[in-house]
Structures are given as structure tokens and as C-alpha cells.
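Each remark here refers to the structure printed beneath this line.
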Amino acid sequence: MTDVTSLSAADLARRIATKELSATEAVGAFVARADALEPQVGAFITRTSEDAMADARAADAELAAGRSRGPLHGVPFGIKDIYWSAGIVTTSGSAIDAEFVPDEDATAVRLLREAGAISMGKVNTVEYAFGPTGQNATYGMPRNPWGEGRMPGGSSSGTGSGVASGFFPFGLGSDTGGSIRIPSSLCGISGIKPTFGLVSRFGVTPLSHSLDTAGPMARTVEDLALLLNVLAGHDERDPVSITAPKADYVASLEGGVSGLRIGVPLQYVWEAIDTDVALAFEAARRTLEGLGAQVMEISLPELEWTTPIAAGITTAEAAMAHGARVLRDGDRMDQAIRRRFESGFFVPATAYARAQQARVAYAQAVAQALTHVDLIAMPSVATPAPLAEQDTLSLGGVEISSREALLKLTRVFNLARMPSASVPCGFSPDGLPLGLMLGGARLNDALVLRAAHAYQTATDWHMRQPPLG
């Protein structure tokens, strides 16, 4: 039998539902793997293995009595430690909140539990989710299981590392500038940043009010669709939550990409990019064309505005969200993170307003491009996972900071507030995963997942296992 810890969430759910596998056996296998490998990986901040095993026994008893909680009955998952969990410490990756215990679950956590999923614990994150590398001065940087000393990506570092390491088949992430798709790309898994407001952020530590997005990370696109079926929906407790037509994302996976028009931006994307990333993207393009898609170049000069708009909004809103904490307890923070927050104190109101005004025009430009094509494709990240100590990179002869190299492409869809997914599309010569990003118009999450699933079904990159343990 296939190793339980290498199964997807959908496969696990099917096997548990048919009693081919018990929830106790499934959760026990993931607990045992984490027991053996977590000391060298560091994906978790707080493990709740005993609670998970108790929940698994209860799940088995319910199935024996003919009752199922939902489509994730008995399936384990990891929770990025910025999501509230009732009765469990929620640190937000900071020593400052090391004793904060919420008295209720975040909406996303509650929905997953109501669907039958079982929490394995709280997983690592960049402090207050403010950074793309995965580094954390208090709890350590989780290991990227594909390369010793390589960044796992952030801020959802523990979710990316934990899924890739086989500690749970899916987990919750959040995405302000790429924090779901960056670790998904660098760790060789799948992740989606949904349409802004589609998944509730209630009970999630904020960073940037107008950009933060909650979403899932998993082994496969099928898993992402299954999870979005559970997570998507209006929540009156989240002020930016939207009301959208109910969709069945799993049912929408079939249909392929034949006849779809997929645009590849001519500008910005290719100015600073690793050669191996570009080659893997071209191979992915040929695969999509072989599946019947029409892939064409599109002009989007507005993408040149990406970094200044994102920086102006994120730093100002981060300072608004955490300024009092920084002033009170800044000496207890990672000082690099502290400086990022403090930089927001110096963004004039007029500059912030202009950035928001420019963001609207930017989103309109991307939306206009999507009237001529169905989807936009580009690499997820401009580089394979950098070494942990690399502050700068040379990509295509251009010197660029590691942070900017990680963020520059994913930010496009945050500013546009549109859905985009990252799926594995190859490996660098030294064995590091590379990602393909597909994005679509607002509320076109189902089409994004459909195209990503078609690509994933035609390839086997997502089936590769890292050399760990």
C-alpha cells in the first residue's frame, strides 16, 4: 500500500470514507512521521498530537455509527499560526504573543473542523506574516525539504514545509504579497490565493487590510478545489468578505484547457529571472499548448508599477495594524521585521492614498487584459529557493534582493485582487522545485483551478517526493 503520509487529502478522505483506512491509522501515520522528522524540519510551533489522536478515534466512532461530519472526515491538517484556534496558543510567529490563547476558532479553522478535518497543530510563520523568506528569529526557519539551507518561502513557511515533508496533506496559509504561492513554489506543492474576500479572514492576525487573503495549500489541485468548497463563503464577521454565487470547485475541475486563451505578459516578468525558471516555464507553456490551449503574448506595461504600489500599501497598513505593538514591544521582535513595520510610520497619507488610487488603475488594467484572454500565466517565483543567508541574487544579469525576487510576480494578483494558483512545473539542475502560476479574473477561481488541474494531470512534478527521512 502507498505510504499514508504521501497521499493527498482527497485520497485520504476517500479511503477513510470507505473504511479502507481508519482516521486513527491516518493521523497516527502523520504523527509518527512528524515525531521522526520534525526535529530536523521545524515546521511546527505547537504540536497537538494527543488531541489529534483523540479526534481521530472520535471520527472513527462516528463513521462506525454511520455518521460523517463532511468531505474531510478524519483528514489531518496544519494551521498557520496566525489563525486563532480555541484553547491553543496562537503566537503569530512572535515571542510577544507566545502566551495568547484565543477562546474561539478563526472562521476558516471552524469550517474545516466542521467538515471533519483534524488539526495536527500550529505551524511556523514569519513573524506577523511580514516577509517572503521563511526566516523567523524566535522559532527558527523551517527546513525546505528539497534543499538543506534553502529558504522554504514565506510567510506560510510551516505550511509549505509541513505539506512537503509529509506532516499533513494540507494546511492553511495566508497571502498578502505571495505568502501562499511563494512557499508552494519553493517547496514543490500546490497553493491558491483565492479572489480577495472569498475566504473569511475572521480570526486571522492582520497585516495589510486591503491585501490579506486566506487560502489553502496542499499536494494537489484537486485538494485545493475540495478545500475551497469548504472555505469559500460570506462571513459577516469579516468586513471585506464578499457574497459570491455558490460554486462546486471540484465538479468544475474537469473540462481541460482546450480552447482557452492564456496570456503571457511581455513586460516586467522577464526583466530579472533565473534561466532555469524561464526554461521550466517555456516547457509548461508547451504542455498547455499540447493540451489545446492557445498561449499568446499580451502587453501589460502597468506591471512595472507592482513594487511601488505594493510597498506603499503594505508598509502603511502593517504599521496601522501593529504600530502600537511595535512601539510597546519592538525590542522583543525580530529587528528586521521591526524596521519593516517602522518604515510604515513614514508613509505620508497622500502617498498611501496615491498608492491605493494606483492599485485601482492597476487592477483595471489587468482586468482589461483578461477581456482578451481567459487566464494569465507566468512563473510563480523568479528564482529557485535561495540559500537562507542570500540577501541578493543575480538574475539574468540583474542584481535584485532575495525578497524582491520572491515577491515580484505573485504580488501582481494581490494588487488585482484576483485568484491565482501555483503548481509544480519542474526542477532546477540542483533539484529545487519550480512553480507555474495561473491567474484569472475576479471570482474566476474555478477556471484557475480547472486549468491548473489540467496541467497537473498531464505532468508528474507534483508526485515527486523530497529526499527527506
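The values are calculated or read from the model by the stated rules, or taken from the named source; none is laboratory data. The model shown is predicted, which means the values in this text are computed figures rather than measured ones. Counting neighbours? That spans all protein chains shown, and the Cβs are built from the backbone with ideal geometry, glycine included. The accessibility values were calculated without ligands, DNA or RNA, using every heavy atom of the protein model including side chains. Shrake-Rupley method; radii C 1.70, N 1.55, O 1.52, S 1.80 Å.
Spot the failing condition for residue 182; the list is (1) in a helix (DSSP H, G or I); (2) out of contact with any helix residue (DSSP H, G or I) (no Cβ under 8 Å at 6 or more places or on another chain), and only one is missed.
(2)
Could you list, in sequence order, all residues of region 15-32 that are polar (S, T, N, Q) and more than 11 Å from residue 57 (Cβ to Cβ)?
Scanning region 15-32 gives a single hit, 18.
I need a count of the residues in region 368-402 that are in a loop (DSSP other than H, G, I, E, B), among the small types (Gly, Ala, Ser) and touching a residue at least 60 places away in the same chain (Cβ under 8 Å).
Number of matching residues: 5.
For region 137-163, which positions are open to solvent by 10 Å² or more (accessible area, probe 1.4 Å) and touching a helix residue (DSSP H, G or I) at 6+ places or on another chain (Cβ under 6 Å)?
138, 143, listed by residue number.
Would you mind finding the one in 232, 214, 225, 272 that is small (Gly, Ala, Ser) and touching a Phe, Trp or Tyr at 6+ places or on another chain (Cβ under 7 Å)?
225
For region 5-21, name all the residues that are open to solvent by less than 20 Å² (accessible area, probe 1.4 Å) and either within 13 Å of residue 117 (Cβ to Cβ) or in contact (Cβ under 8 Å) with a residue 24 or more places away in the chain (or both).
If the condition is that a residue be open to solvent by less than 20 Å² (accessible area, probe 1.4 Å) and either within 13 Å of residue 117 (Cβ to Cβ) or in contact (Cβ under 8 Å) with a residue 24 or more places away in the chain (or both), then 5, 7, 8, 9, 10, 12, 13, 16 are the ones that fit.
For region 333-342, how many residues meet the condition of being part of a helix (DSSP H, G or I) and either in contact with a strand residue (DSSP E or B) (Cβ under 8 Å, 6 or more places away or on another chain) or surrounded by 15 or more Cβ atoms within 10 Å (Cβ to Cβ) (or both)?
5
Search region 347-362 for residues being open to solvent by 60 Å² or more (accessible area, probe 1.4 Å) and touching a residue at least 24 places away in the same chain (Cβ under 8 Å), and hand back the single one that is farthest from residue 175 (Cα to Cα). Give the steps one after another, and end with the answer.
First, pick out the residues of region 347-362 that are open to solvent by 60 Å² or more (accessible area, probe 1.4 Å): 348-350, 352, 354, 357, 360.
Pick out the ones that are also touching a residue at least 24 places away in the same chain (Cβ under 8 Å) and you get 352, 354.
Working: 352: 20, 354: 23 Å.
Result: 354.
Which of the residues belonging to region 89-104 are touching a residue at least 40 places away in the same chain (Cβ under 8 Å) and out of contact with any Ser or Thr (no Cβ under 6 Å at 6 or more places or on another chain)?
Result: 90, 91, 94, 96, 104.
With within 22 Å of residue 168 (Cα to Cα) and touching an Asp or Glu at 6+ places or on another chain (Cβ under 9 Å) as the only criterion, which of 395, 447, 432 stands out?
So the residue among 395, 447, 432 that is within 22 Å of residue 168 (Cα to Cα) and touching an Asp or Glu at 6+ places or on another chain (Cβ under 9 Å) is 432.
Step by step: first the residues of region 22-39, then only those that are small (Gly, Ala, Ser) and open to solvent by less than 20 Å² (accessible area, probe 1.4 Å), then the one that is farthest from the chain's Cα centre (by Cα). Which residue is that?
23
Based on this model, can you work out whether residue 365 counts as part of a helix (DSSP H, G or I) and either at pLDDT 95 or above or open to solvent by 20 Å² or more (accessible area, probe 1.4 Å) (or both)?
When the stated conditions are applied, residue 365 passes them.
Please work out if residue 452 is aliphatic (A, V, I, L, M), in contact with a helix residue (DSSP H, G or I) (Cβ under 8 Å, 6 or more places away or on another chain) and open to solvent by less than 40 Å² (accessible area, probe 1.4 Å).
Spelling it out, residue 452 is indeed aliphatic (A, V, I, L, M), in contact with a helix residue (DSSP H, G or I) (Cβ under 8 Å, 6 or more places away or on another chain) and open to solvent by less than 40 Å² (accessible area, probe 1.4 Å).
Output the strands (runs of 3 or more DSSP E) that fall wholly within region 204-299 and possess 3 or more residues being open to solvent by 60 Å² or more (accessible area, probe 1.4 Å) and of a type outside the set (Ser, Thr, Tyr), or say none.
Counting at least 3 such residues, we get no strands (runs of 3 or more DSSP E) at all.
Considering each of 167, 196 in turn, give the residue that is open to solvent by 10 Å² or more (accessible area, probe 1.4 Å) and either farther than 30 Å from residue 35 by Cβ or hydrophobic (A, V, I, L, M, F, W, C) (or both).
Every option except 196 fails the conditions.
Just for region 270-296: of the residues that are of a type in the set (Gly, Ala, Ser) and in contact (Cβ under 8 Å) with a residue 60 or more places away in the chain, which one is nearest to residue 409 (Cα to Cα)?
272
Does residue 324 meet the test of being in a helix (DSSP H, G or I) and either out of contact with any Asp or Glu (no Cβ under 9 Å at 6 or more places or on another chain) or touching a residue at least 12 places away in the same chain (Cβ under 8 Å) (or both)? Talk me through it step by step, then tell me what you get.
Numbers: in a helix (DSSP H, G or I): yes; either out of contact with any Asp or Glu (no Cβ under 9 Å at 6 or more places or on another chain) or touching a residue at least 12 places away in the same chain (Cβ under 8 Å) (or both): yes.
Against the criterion (in a helix (DSSP H, G or I) and either out of contact with any Asp or Glu (no Cβ under 9 Å at 6 or more places or on another chain) or touching a residue at least 12 places away in the same chain (Cβ under 8 Å) (or both)), residue 324 qualifies.
Taking region 193-228, which residues are closer than 16 Å to residue 8 by Cα and in contact (Cβ under 8 Å) with a residue 60 or more places away in the chain? First the steps, then the outcome.
Initial filter on region 193-228 (closer than 16 Å to residue 8 by Cα): 216-228.
Answer for region 193-228, where residues must be closer than 16 Å to residue 8 by Cα and in contact (Cβ under 8 Å) with a residue 60 or more places away in the chain: 217, 218, 219, 220, 221, 222, 223, 224, 225, 226, 227, 228.
In region 100-110, what residues are over 18 Å from the mean Cα position of the chain (by Cα) and surrounded by 22 or more Cβ atoms within 10 Å (Cβ to Cβ)?
Correct list: 105 only.
Considering only residues that are acidic (Asp, Glu) and under 16 Å from residue 31 (Cβ atoms), which ones fall in region 47-70?
Listed by number, the residues that qualify are 50, 51, 55, 60.
Taking region 89-99 on its own, how many of its residues are within 23 Å of residue 179 (Cα to Cα) and either among the aromatic types (Phe, Trp, Tyr) or open to solvent by 10 Å² or more (accessible area, probe 1.4 Å) (or both)?
5
For region 386-423, what are the residues that are on the phi > 0 side of the Ramachandran plot and small (Gly, Ala, Ser)? Can you show your working first?
So the first thing to find is which residues in region 386-423 are on the phi > 0 side of the Ramachandran plot, and the list is 396-397, 417.
If the condition is that a residue be on the phi > 0 side of the Ramachandran plot and small (Gly, Ala, Ser), then 396, 397 are the ones that fit.
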